[in-house]
Every structure is written in C-alpha cells, then in structure tokens.
Amino acid sequence: MSTTQTSKADGKLALSPEPQTSRDLVTLAPAFKRNEGIELTAQLFESVEVNLSAVIRRASTLTTRRSVKKQWQAAWLIKAIGIIDLTTLAGDDTPGRVKRLCAKAKNPLRTDLLEAIGLKPGSVTTGAICVYPTMVATAVDALKGTNIPVASVATGFPAGLTPLAQRLAEVKYAVAKGANEIDMVITRAHVLGGNWRALYDEVSAIRKACGEAHLKVILATGDLKTLTNVYKASMVSMMAGGDFIKTSTGMEGVNATLPVSLTMVRAIRDYHDATGLKVGFKPAGGVKTAKDALAWLILMKEELGRDWLEPELFRIGASSLLGDIERQIEHYVTGRYSASYRHAMG
Amino acid sequence: MNKISDILQNMDYGLAPESDDIAREWIATHKGRFGHFINGKFTKPSAKTFKVSSPIDGKKIAEFSLGTKSDVNSAANTAKKALASWAQTSGHQRARYLYALARLVQKHSRLLAVLETIDNGKPIRETRDIDIPLVARHFYHHAGWAQLLDSEFPGHRGVGVCGQIIPWNFPLLMLSWKVAPALAAGCTIVLKPAEYTPLTAMVFAQLCNEAGLPPGVFNIVNGDGSTGAAITEHKTFDKIAFTGSTDVGRIIRKTTAGTGKKLSLELGGKSPFIIYDKADIDSAVEGIVDAIWFNQGEVCCAGSRALVQEGIAEKFYTKLKARMEKLRVGNPLDKSVDMGSVVHPTQLANIKKRVEEGVSSGAQLWQPKWSGGNKGFVGGASIKGCYYPPTLFTEVQPASLLAREEIFGPVIVATTFRTPDEAVALANDSRYGLSASIWSQSLDIAFDAAKKMKAGIVWINSTNMLDASAGFGGYKESGFGREGAREGMMEYLVPEWQKAASRITPSKKLPNATPARGDGNAIDRTAKFYIGGKQTRPDSGYSFPVLNAGGKVISEAGLGNRKDIRNAVEAAHKAAGWSAMTGHQRAQVLYFLAENLETRRDEFIARLVEMTGDNIKKATREFDASINRVFHYAAWTDKYDGDVRAPQGNMLVLSLKESWEVIAISCPDEAPLLSFLSLALPAIAMGNRIVITPSQAHPLIAADLYQVFDTSDIPGGVINIVMGDRNELADTMAKHDDIAAHWYFGCEKGSKMVEFESAGNLKATWVNNGKARDWYDEAQGAGEEFLFRAVRFKNIWTPFGV
C-alpha cells in the first residue's frame, strides 16, 4: 500500500492509505475463482459468538468515519448502479413489467447525465435483473445482446418450505430458462435448531442443481434473530458452496441492516482467511437511498476491501434505490435538486 | 486525476473536508488576540502573550494573554465577590442557567466542533459526534442537580470559589465536567484552559453572557503551568479541581496541603484492555480502535495495555494488524480520517521517545505498511502537522516502561496471559487505576474480572463510554474524586455546619516514655497494640505513661513506631475476607459488637470517667451515643449500596460502592470512645480494614475496645490499633504507599502533613484542618460524609442484547 498525500491549495494535507492497485472488471475476471465450498468444518464457526452491542457500535460509526463527497460521491454512486440487482418480485408481475425493468437495467442513467460526468453512453448497467422463475425467459430475451445477468429467486421463495424435490426442480427450471444466477432461501428451521449438517446438505444440493449458474444463499436474517445465528448460517452456506450470501428475501419483518451485514461480511472475511476463497455479499430489502448505498459500499471497502466493490462480489437487491441515485447524480451535475419524473421508470 | 472514470477504478474516498470558514471568522472577529474573561468581560490582550498553533499544519491561529499572578488575583477576587449572591440564587434559577447553556452549546455545536478540531487536531467526527454532544449532555444533567440540590443534598452548601485547571485532550468536555457541577452547586469559578487549546473556552464564555449568567460567576484566566500554579497557590480558592498528569497532580496535592481547599484530581492511566478466548474477536479488535486510536490515543482512560489470552493471541494480532492497515490518519477536518494530529510537537516528541525506548527494550513494534514502515512517522518531513501512525507493540513485558508509563499517544502495547486469574493480576499490576475494558461473551468471566479490577471505570465488551450520569474517576494514582453523577456533585459541596466549626483543643505533648508511676497504687496494666487480631507489644520496646485529667498516671501504653504501622498495614491487607463479606454478615458482627459493649457498660463508663475526668452523666451520655452509633452503622451496612444507571438503551451501568481496602485513621482526643467508633465503624461497615491510632491522650479506651472486638467476631486484621504520638504515626501512615485513604483528626499542622505526604501514592485524604466537630451531633458525627468517604465508586458498563 502506498500513502497518498493530496495537497490542497491551503497547504493542508490529507494522508491516507489507499488501495494498492487500481483494478477493474476486466482484470478481475480471469483471476476470479468461484467458491467450490469445503467440508462442513464446525471448528470454524461453532465457538464463535457475536456481541450485538459492539457490532451495532461499529456499524453506526462506519458511515461517520468515512464520507465521500463531490466527484467521489458521483463515482461511488455510479459504482452502486453497477451492483444493483434490479428486482421485481410481486404477485402482479407480468412480461410487460419485466421488459420495462430490463430496459431500465440496460440504461439506468440518462445519457446526458452520463456524458456530463465523462462516461460513455451504454457503459453503465445494473448488476443484474432479479425476477421469479416464470419471468426468467422474458428477461433473458429482453436482455439479449447485453452482459447483464438474469437472476431468479427459486426454492419456494420466500418461505422455502416446499419439498426439496420441488425446490430442486424449480432451480433446474430457472437455469434451463437461462437464469445466470439463483437466489435460494434456506430452511430457517435448520438454523434455529442448530442443525448445521442439514443446512449444509440443503445448500450443497441446490448448488449442485445450479450447475454453472451462480448461487446466492438467502439467510432471511430477520427470521434468524441473533447475530451469532447469522454468522454461523453464513459460514455453513459458504462451506456448502454459496457464491454469495444474501441477507433477506425482502419479505421478513426486518430486512438488510448494517449490523447484520457487518456480521455477514466478517464471516466472509473469516472464510476467505481460512480457505483463500472469495464469497460475495448481497444485502436486500431496505436499501432505498443513495446514502444507504454509500453506507454499504463503505462497509464492503472497510471490512473486505476493494475487490468486494465489484458486481462479482457485491450486489444490492433493490427496486427503488436506483431512482434516488439518479436524482443525486443529476444534482451533482446540475447543482439543482432533481425530481423523480425527470428520470425514466423501471 | 480525479475524473469519475478514474475514481471508478481506484474507488478512493477522496477529500471530504469540513469547512472551517466560520470558525476562522470567529477567530478573526477577535483579531486572533485574546485576553482573559473576567467579570463577564473579555480583557484586552496583555503585553505578554503565548502563541496558539493548529497542530493540523503548525500554523499560528491565535495569541492569548499569559495569565500572571495579578490576573489570577483579579479573577479570584471577582469570583469571590460574585459568590454571595450566586450561592443565594435558588436551585431552580441556577437550573435555568444551566439549561440555557446546554441549549446554547447545541445551537453552536458545529462552531465549537470545528474550533476544537483546529485547536486540538482531533478528527471532526469526534468533536462533532462525541465531544460536543457530551458537553451539552453534561449541562443538561447538571441543570437537574441544580434543580434538586436542596432536596437531594440537605445540610450541604456549595464549597465556594473554585479554581479549575483542565487539559488539552478534551478541552470543552473537560470544561463542562468542571463547570457544570460547580455552577449547579452554587460555586463561582476561575478556569484555566490548557495553553495548547484555549479557543473553545472563549466561545463558552460568550455563551455564558448570552445565557445571562451573572458577571463574575464564571471567569477564565488563560496561561500555562505558571498560571495554573498561581491558581493552586491562591488563598481565595476553596476548591481546586484538576485534570492532567499524575506528576502535576502530585504537585497540586502538595501545594494545597493544609490550606483547607477541597481537591479533586483526575490523573493519568495505563488502562488494561483484556481479550479473553471467549470474546467476539472482531468486535474486540474494533474495541481497540475505539480505545487507543480515539483522539490519537490522547485519552487518560484509553485502553493502552492489551492483555490477550494465549490461545487466541496470534489470531487476534493478525486481525488487529489487518484493521490497522485500514485506518486513515490525516487532516482532522477531513470526514474520512480515523485519527488526526497529535496536539503539539512536544507531545509528538514524547510519543516518539516512548516508542524508541520500547524498541530498545526488545518489544516488537508493528505499524501499518502505509505509514512507511517502522519509521514511526506518516508522510515524511514535508508535513508540518503532528501526525503519528497507529502503533502496536507485542511481546511487551510487564517490567518494560511501555507497560508501565502512560504514553498518551496512539500506541497499544500487548502481552499475553494464560488464565483469568493471571489476566486480573496483570491488569492490576499498575500504579494507575482509571479504567479497564473486558471482552468476553462469558458473563461469569466478565463480571468476575470487573469486580476484581482496581479501577474506577470498567467497560464490559465496550470501551471509552462516557455519560454525565455515570461518575468518572480513578483508583490508586489515577486520582480521587468523581466527575458526573451524584458522587460528582459531592465534590462541590460541603456540610453546612462546617463554616461555624471552632478550632480543636490541641493535644498535650505525649509524656516521655520513661517509667513515671510512683504511687505503687495504680492498676498494673499496660495497654498493648491490637494487630491482626492479636495483642502485640510495641516494636520500640518503649511505653509511655497515660495520665488522667488531673495529670495523674493511670496506666502505661505501648509507644508505636514505623514498624508497628507497617505490621498493622500488612495485617489489614491479609484480612481481605472482610471486604468480601456481605453487608448482612458485617451487620451481624456490628450488632454483636453493640451487644457485647452493652454488657460492659459500667466498666466503659468508669473508664471514661477515670480517663477524661468527665462526670458519670457525661460519660454515660458518651457511652449511650456510642452504642447508638454502632447500631447506626450496623443499620447502614447492608443499605449504603450501589445502584444502576441506564445512560443508553441496552446498557446498564452498575455503580458500585467499593471499599478502599485499607484506610488509616488518626483519632482525635475529644470524646475518645465516641470519636473512635464514629470513625472506625463507617469504615469497617463498608468493608474496609483499618489501621487506627486512638486518642493519644486516652489510648486506654482502645485497649478496652479490642477486648470487645475480640469477643464480637470481628476477624483479626479488620481493626488494627497502634497507640502513640498521633502525628508521628500519621506521618508514617501518610507515607505508606499501600494505604489507599487516610482520615486524620488532629491539629492543623498534622492535617497539612497528612495531605502533603499523601501525594506519594495520591491517597484520598480526609482531614479536619484543626477544626473540632461535635461527635454527638448527628450531622457532624454520623453524617453522610462518613459513609461517602468510606467508599470509592466503580462503574461497570454492561451492554446487553441479542
């Protein structure tokens, strides 16, 4: 790491550690090794206990210790767009609705704004589209010709209490329809009962059914209640081969929070330290504002590092977040507060 | 370079500076030149000034008058003049002023935060989120005490004119800790801010005017150590409050000895930060960040000694180092730094010197790679600011200077331990005792350690938590007195009756220790000492004659010396079981003592008559009062207890009243039985063990008493009695570093000597300054101060939640 010294006009100095190397998606991809999982290794998590109040303290000062302003903020928000899993998971979803969302995923930001900040039109897309299995085909079709992956929730989302055979069949169906990513839900009972072997086997089975599709394991942390449960479930899910661990379905009483996320990313760090394997993280539900997105980006950079600011290792599951980011970027460009109707609906 | 496309690659934080324009404008409106604040007015800057620079860039930001003796005198006289009407102001009215100050601090919070950062170098995040909100909180809390003063502290009044000297590490926060309780108690103030950081105090002075605080109630004299010395030496002050180094604290203790000034000292620390194997390790790592890389480590209560259980040490150090790589040091006005600049080049030099000593002692130094390796300085010589990187020492032996001396910089020194017992032993192996931080998910381990810590503040699974409702202050050489809470208010109050107290009748010189009995008629009895539950002969081998009121020899008593005191202290330390007993168990012993005393009523009354020459009626009155007093403290034993504060959600603070372990007591001559018991009983009721010298004129009463103690199941070593010359023995006790507190009731000279000599280990002293008290009077002989002085406060912060 090198220390950068940025001189300001008045001679004041900001000294700070900055990342060793700059990197981008292209250079990351070849080096990226998918998490193949490891044997269920109890000693990596069994004795771990998480102290709630200390985690809350750290989470609450993450965003008071780091601040991004001006062009840095604009850049960080562009980065945030690129890691959004633009999501629609509603009973009234239709192919039309999904197509509209896909169009937004391809062009999440107005061209004039992109140009104003020096980026090429078409250079920014969302991280993925996230839909129900029956909408996968529509999404794949709508996104033809782009690199935007289609993610599908599966396994009896959101409760996950359908029989395993049906859940596996659902995964295979989605993959067959072209889904690049599967967002599965775990059986919360396995965690609440401390039945780690059952959880491991469940995730392993789904992972196998995914084939080449990447697997995000939704822990439904709002149902798990304790951070110690969250940590252990995170570890077991990674051991079983999850490519990502994800906080919530968006349907639990409490969705993504910073303390829960901090616990999960610390588990990712411990797993990486133990195995050398990198697992991604996806908070979902409750990340609604540009400020929220910055908070989670700061969390990733501080606790995991630069590599975890790319869509291979970080996603945010959100539907309304993009709209706020668009408004903030317009504010950066024009100095005027924006209105939502000035940006296209998704 | 800072194009969006580039930032998308490097994902740097960039710059996020807080503007200091308004703060600079405020300085400019004063033309950067400040005098003092006396009688509600800012004085003109004097000819002799000192320069205040910002440690951010080393540039001068202001000039301040260097307060002289005459400035101090003028401020002191002003405060004295303002006292009469301020002390008469109703508690409610004072509460209104304090509330106004709290609101004004909130209204001008950003100005205060930015000024503090410019002046001190600490990150704007801390001044904005921690310092200034705590300042407002302190004024709110004390608005409450002002309102409740009459009902909560009956029989008390404000101590008077206060001289307050505060440090540079939390300039405005330390001001609030000193000023708020003083104003609440009806005291007037002369405050001296630290010479490195005087700016925010001047804004506060403006706020006092804005709040309409009567002129003269709050005054500021700026200056350096010489100005502080002038305050401590000035006769007008009734109370000195000081926060700063232990060395200066000792000087102040000596300077104020015998002057009758009340004193509270909040001094240095070398606080342990213990990580047990059952800890949440990631959170404990973050705890270290909050402990020692908070305010650049310039925190008296900083957890600066990490004690790590062997089995997890390697893992812990690895995680800690990874975390250190992520810390950012730089311009404190930037909102993305963890540490700003050290306060002053002098302090930076101190830190570097300590680190160099550490390296040569063989400890392993580690600093983050970004700091430029182990060179100890971030960024090279081109930077004029005072920056120092976060620093870790491992393999630090308890004997090394690194483990013993306060560094007051961002340096954590770590060592390992094997068992919980060893952790406690290492933690307490320090002259200091300010705070301790304990990390374990096991309730048993955490509470066991918390109870055993010799420290005023214990944080379980947390660190550096502060609140006005939880008193702050240390054990041992970290000072005495508390700031915040009810116990903090007591530092600014005195019992009402004291102002009318008369002078004590001086003790007669002890007769020569030679055989003096000539009538062949007296009882052949020599009063021995009582040490460790045994009657012992004096080490000196001398005895002195005991005279009755008529000057006739009625007996002889052993003449105590240094070694007798030494033996008594050792015996007292061995009797630790007494402190561990429950209040109920101790109460039973005291009731039994009353019972046994009562059965010997006639004998004691006769003895009093014989010794003092009092008539039977008077002697009976003293005896009855004595029995009453035993009941009084037997009653209190299981009731003067700790309580619980809840300063945050999911946080309970257990405020414990702990014993001092060993207290020395020098008894007066008047009412020899009653005064002995009035002093001994509250001490032992609260679990202390005592070394007590009875009335030097009437030592026989103690010889009678120890027979009763023996039969009352008071364990050996709880009460240790040595007879002889009060002042000679008090001198040895005051100089004994294994005695935590000393109560002295004798002459003025002796009071001064006890206070002066107690500076060695900073005992908490309670002396009468040669004033008499009516031991029969409830307030004077058994008021709250007896129990209050018999305990020291320990606050255990216990967060919880799942």
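Restrict the check to region A:113-120 and report whether at least one residue is touching a residue at least 40 places away in the same chain (Cβ under 8 Å), surrounded by 20 or more Cβ atoms within 10 Å (Cβ to Cβ) and assigned to a helix (DSSP H, G or I). Within region A:113-120 (the criterion being touching a residue at least 40 places away in the same chain (Cβ under 8 Å), surrounded by 20 or more Cβ atoms within 10 Å (Cβ to Cβ) and assigned to a helix (DSSP H, G or I)), the answer is yes, since at least one residue qualifies. Taken together, the residues in region B:231-276 that are within 14 Å of another protein chain (Cβ to nearest Cβ) and over 24 Å from residue B:399 (Cα atoms) amount to 0. Here B:12, B:71 are screened, and the one residue that is assigned to a loop (DSSP other than H, G, I, E, B) and at negative phi is B:12. Looking at the structure I just gave you, is residue B:596 among the polar types (S, T, N, Q), in the same structural domain as residue B:740 (by TED's automatic domain parsing) and modelled with pLDDT under 95? For residue B:596, the condition - among the polar types (S, T, N, Q), in the same structural domain as residue B:740 (by TED's automatic domain parsing) and modelled with pLDDT under 95 - is not met.
Identification of strands (runs of 3 or more DSSP E) wholly contained in region B:610-686 with 3 or more residues that are over 30 Å from residue B:697 (Cα atoms) yields B:643-648, B:651-658. Could you identify the single residue in B:315, B:319, B:335, B:278 that is more than 30 Å from residue B:425 (Cβ to Cβ) and either crowded, with 21+ Cβ neighbours inside 10 Å or in the same structural domain as residue B:433 (by TED's automatic domain parsing) (or both)? Result of the check over B:315, B:319, B:335, B:278: B:335. A search for C-beta distances below 6 Å between a residue of region B:50-75 that is in contact (Cβ under 8 Å) with a residue 40 or more places away in the chain and surrounded by 17 or more Cβ atoms within 10 Å (Cβ to Cβ) and any residue that is assigned to a helix (DSSP H, G or I) and among the small types (Gly, Ala, Ser), counting only pairs 6+ apart in sequence or on different chains, returns B:72/B:230. Output the residue which, of all residues in region B:1-18 that are touching a residue at least 40 places away in the same chain (Cβ under 8 Å) and more than 7 Å from chain A (Cβ to nearest Cβ), is nearest to the chain's Cα centre (by Cα). Checking each candidate, the answer is B:18. Does any residue of region B:92-108 turn out to be of a type in the set (S, T, N, Q), outside any helix (DSSP H, G or I) and on the phi < 0 side of the Ramachandran plot? No; the residues of region B:92-108 include none that is of a type in the set (S, T, N, Q), outside any helix (DSSP H, G or I) and on the phi < 0 side of the Ramachandran plot. Taking region A:48-98 as the range and being facing chain B (nearest Cβ under 8 Å) and among the small types (Gly, Ala, Ser) as the test, the residues that pass are A:53, A:54, A:67, A:74, A:75. The number of residues in region B:324-341 being of a type in the set (D, E, K, R) and either assigned to a loop (DSSP other than H, G, I, E, B) or more than 9 Å from chain A (Cβ to nearest Cβ) (or both) comes to 3. For region A:298-339, filtering for residues that are among the β-branched types (Val, Ile, Thr), touching an Asp or Glu at 6+ places or on another chain (Cβ under 9 Å) and under 29 Å from residue A:58 (Cβ atoms) leaves 1. Of all residues in region B:100-124, those satisfying the criterion of being more than 27 Å from residue B:329 (Cα to Cα) and touching a Phe, Trp or Tyr at 6+ places or on another chain (Cβ under 8 Å) are B:101, B:102, B:105.
Residues in region A:300-316: is at least one buried (at least 20 other Cβ atoms within 10 Å of the Cβ) and touching a Ser or Thr at 6+ places or on another chain (Cβ under 6 Å)? No, because not a single residue in region A:300-316 is buried (at least 20 other Cβ atoms within 10 Å of the Cβ) and touching a Ser or Thr at 6+ places or on another chain (Cβ under 6 Å). Of all the numbered requirements in (1) surrounded by 18 or more Cβ atoms within 10 Å (Cβ to Cβ); (2) in contact (Cβ under 8 Å) with a residue 60 or more places away in the chain; (3) assigned to a loop (DSSP other than H, G, I, E, B), residue B:544 misses one, and that requirement is (3).
Tell me, please, whether a residue that is within 14 Å of chain B (Cβ to nearest Cβ), buried (at least 20 other Cβ atoms within 10 Å of the Cβ) and among the hydroxyl-bearing types (Ser, Thr, Tyr) can be found in region A:132-151. No, there is no match, as no residue in region A:132-151 is within 14 Å of chain B (Cβ to nearest Cβ), buried (at least 20 other Cβ atoms within 10 Å of the Cβ) and among the hydroxyl-bearing types (Ser, Thr, Tyr).
One line per residue, one yes/no per condition, for (1) under 30 Å from residue B:137 (Cα atoms); (2) out of contact with any Gly (no Cβ under 6 Å at 6 or more places or on another chain):
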| position | (1), (2) |
| --- | --- |
| B:593 | no, yes |
| B:623 | no, yes |
| B:641 | yes, yes |
| B:657 | yes, no |
| B:680 | no, yes |
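Against the criterion of being assigned to a helix (DSSP H, G or I) and touching a Ser or Thr at 6+ places or on another chain (Cβ under 8 Å), residue B:125 qualifies. Counting the residues of region A:54-81 that are surrounded by fewer than 20 Cβ atoms within 10 Å (Cβ to Cβ) and among the small types (Gly, Ala, Ser) gives 2. May I ask you to verify whether residue A:125 is among the hydroxyl-bearing types (Ser, Thr, Tyr), outside any loop (DSSP other than H, G, I, E, B) and within 14 Å of chain B (Cβ to nearest Cβ)? Judged against the criteria, residue A:125 is not a match.
In a residue-by-residue description of region A:205-228, the property of being within 16 Å of residue A:41 (Cα to Cα) and at pLDDT 95 or above applies to no position. Hey, does region B:720-741 have a residue that's among the charged types (D, E, K, R) and touching a Leu at 6+ places or on another chain (Cβ under 8 Å)? Yes; the residues of region B:720-741 include at least one that is among the charged types (D, E, K, R) and touching a Leu at 6+ places or on another chain (Cβ under 8 Å).
Of all residues in region B:19-46, those satisfying the criterion of being more than 30 Å from residue B:72 (Cα to Cα), within 14 Å of chain A (Cβ to nearest Cβ) and surrounded by fewer than 19 Cβ atoms within 10 Å (Cβ to Cβ) are B:19, B:21.
For residues that are of a type in the set (A, V, I, L, M, F, W, C) and within 14 Å of chain A (Cβ to nearest Cβ), tally how many sit in region B:277-313. Break it down stepwise before answering.
Within region B:277-313, the subset of a type in the set (A, V, I, L, M, F, W, C) is B:279, B:281, B:284-285, B:288-289, B:291-294, B:299-302, B:306-308, B:312-313.
In the following step, the residues that additionally are within 14 Å of chain A (Cβ to nearest Cβ) were identified as B:279, B:281, B:284-285, B:288-289, B:291, B:293-294, B:312.
Qualifying residue count, region B:277-313: 10.
Against the criterion of being away from chain A (no Cβ under 14 Å) and either touching a Gly at 6+ places or on another chain (Cβ under 7 Å) or not acidic (Asp, Glu) (or both), residue B:320 does not qualify.
The values are calculated or read from the model by the stated rules, or taken from the named source; none is laboratory data. Being a predicted model, the structure only gives us computed values, none of them experimental. Note: ideal-geometry Cβ built from the backbone for every residue, glycine included; neighbour counts use all protein chains shown.
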